Every structure is written in structure tokens, then in C-alpha cells.
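Just below is one structure, and these are the notes that go with it.
The values are calculated or read from the model by the stated rules, or taken from the named source; none is laboratory data. The structure displayed is predicted, hence computed values, not measured ones. Because the Cβ atoms are built from the backbone with ideal geometry, glycine has one as well, and the counts that use them run over all protein chains shown.
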Amino acid sequence: MIALERVTVRYGSTTAVSELTERVGEGEWVGLIGPNGAGKTTVLRSIARLVQHEGRVTIADKDSSGMSRRHLARRIAYVPQRPTLPPDMTVSDYVLLGRTPHIGYFSFESADDHRVCSTLVERLDLAAFSDRQLATLSGGELQRLVLARALAQEAPVLLLDEPTSELDLGRRVEALELVDVLRAERGLTVISALHDLTLAGQFADRLVLLAGGRIAAAGPPVDVLEEASLGHHFGTNVRVLRTDSGELVVVPQRTP
């Protein structure tokens, strides 16, 4: 579904991503992990064509550089870390913006557009706020709202950049479980950047550990979430524990 071939991104004299090559299969969930500045956000922005890059990004074997913005938005939905949130806009109107790629230039929203959005507002527990202005919402409510707008695009690829950073623990799991349910229902391909290594390992099929803009490790969570490697790249001691149900838990350790 998504292929990156020797993708390189430079900001002035700084190379944020270097010669990165990776392939994400249709319906797969790949988690990008790594310390701050490792290149996670830059990789997502390269796929969404929001930053200039060298190399090639293809979507379903088609070069993304030749796609119009509207066509690209029908293929990829992107949830950034810091989205633009017009304070006077209502929740329902903001989610409806996700339908823009499906609405003609001189057309209006259809009943189906409104149905898609109202369903997502319900599923993300935002129905009680549908007429509220964005300025009145909490950080967690806004984060769920941004996810609802992205899902309203009904794009086959979903890019998530720290989608749960403003949510409490229960809401984090709920949001990611909803993404996983919709992935199964719609056959979504998901690429997410997550600081929470435990959640990344619980939800992603594969993890890609980035360090210095390069791939340091890639594979199933059980192979990538390895104590020595994580300790080296994150600069701290960690323990990787396994629960009775077989899930991996990454625990940072204080320095004695």
C-alpha cells in the first residue's frame, strides 16, 4: 500500500530523515517509535506530502508526487500533533470538513456526508458537544475531534502523529481500539507515531524504531521492544515485562 524508497528530508543543513526505505502492507498497522528528533513526524509528513523530500513515496504503486491534493486527501488522512482548530467553529462543522475531498467544488454536503460525520461523532463520544465551539473543549475532547475529522475522510490510509498525547489512560486505549476496529471494518492501513511504547506494542503489527533519521530496528513488537536496544536509543534503563496474557510492557527505570 505505502512504499518509501530512499526518502531523505533536510531542514537547511540538518538531515531529519536519511535514505529511509520501508514498505507498509495493505491493512497493516505500523508504529513509528524513537526518541524526540528521531524523524517520526517527518516521515509521516513526507507520506502526506507536507514536506519536501528526496526519494520516492508510492501509494498503491502510484507515485504520490503526481497526485492532486484532492486525490491525495482521498487516499490519506493525517492527524498532526498540532492541528489547526478554529475556535469559533462547532464540533459538527469541524468534523464535516473531513468530507471536503468528496464534495465537488460547486456542490454542498449530502445526506450521506452528514450521516458519516454524525456516526463518528457518536462513536468518539462527542455527540453531547456537537453544537459547542472548539474554544470550549478540553484537550482530550479536541484530540478525539481531530481523529473524527480524519476518519470522516474515509481514506484507506490513516497517519497518526501522537494521536493520544492529550488523553488520559482510559481514553488512550479507547481511541486506539476504535482505530483498530475501523481498521478491521474498512481495511485501513495505519501508520502511527507513539511515544507510549507499551501502547505501540499492543496495537501495531510491526514497529519501526527510528534513531537519527534512520531505521535502527524493524519487525514485530517482540523483536523491536528489546531492553538493550531501547536503553541505548532512548538513553535510559528500561525493563520489558510480559503480562500473564502475553502483552509486553515497557517500564523505564530510575537511575540508582
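Points to keep in mind about this one:
- For residue 243, the criteria (1) buried (at least 18 other Cβ atoms within 10 Å of the Cβ); (2) among the β-branched types (Val, Ile, Thr); (3) free of Cβ contacts under 8 Å to residues at least 40 places away in the same chain hold in every case but one, which is (1).
- Any hit, segment 187-202, residues being under 30 Å from residue 113 (Cβ atoms) and out of contact with any strand residue (DSSP E or B) (no Cβ under 7 Å at 6 or more places or on another chain): yes
- Top-ranked residue of segment 166-188 - restricted to ones that are touching a Lys or Arg at 6+ places or on another chain (Cβ under 8 Å) and of a type outside the set (Lys, Arg), ranked as nearest to residue 75 (Cα to Cα): 178
- The set of residues in segment 101-147 being surrounded by fewer than 16 Cβ atoms within 10 Å (Cβ to Cβ), hydrophobic (A, V, I, L, M, F, W, C) and in a helix (DSSP H, G or I) consists of 111, 127, 128, 135.
- Odd one out for residue 250 among (1) part of a helix (DSSP H, G or I); (2) in contact with a Ser or Thr (Cβ under 7 Å, 6 or more places away or on another chain): (1)
- Evaluated against (1) out of contact with any strand residue (DSSP E or B) (no Cβ under 7 Å at 6 or more places or on another chain); (2) closer than 14 Å to residue 217 by Cα; (3) of a type in the set (Ser, Thr, Tyr), residue 13 falls short on exactly one condition, (2).
- Annotation: of all residues in segment 211-237 being surrounded by 14 or more Cβ atoms within 10 Å (Cβ to Cβ) and assigned to a loop (DSSP other than H, G, I, E, B), the one that is farthest from the chain's Cα centre (by Cα) is 237.
- Qualifying residues in segment 160-199 (those that are outside any strand (DSSP E or B) and among the small types (Gly, Ala, Ser)) - the one surrounded by the fewest Cβ atoms within 10 Å (Cβ to Cβ): 170
- Candidate set from segment 58-76 (those that are among the hydroxyl-bearing types (Ser, Thr, Tyr) and part of a helix (DSSP H, G or I)); member that is modelled with the highest pLDDT: 64
- Some residue of segment 16-27 being part of a loop (DSSP other than H, G, I, E, B), among the hydrophobic types (A, V, I, L, M, F, W, C), in contact (Cβ under 8 Å) with a residue 12 or more places away in the chain and touching a helix residue (DSSP H, G or I) at 6+ places or on another chain (Cβ under 8 Å): no
- Segment 113-132 residues that are over 23 Å from residue 170 (Cα atoms), paired with ones that are of a type outside the set (A, V, I, L, M, F, W, C) and not in a helix (DSSP H, G or I) (beta carbon under 6 Å, 6 or more apart): 131/90
- Residue that is surrounded by the fewest Cβ atoms within 10 Å (Cβ to Cβ) [pool: residues in segment 246-256 that are touching a residue at least 24 places away in the same chain (Cβ under 8 Å) and within 24 Å of residue 38 (Cα to Cα)]: 249
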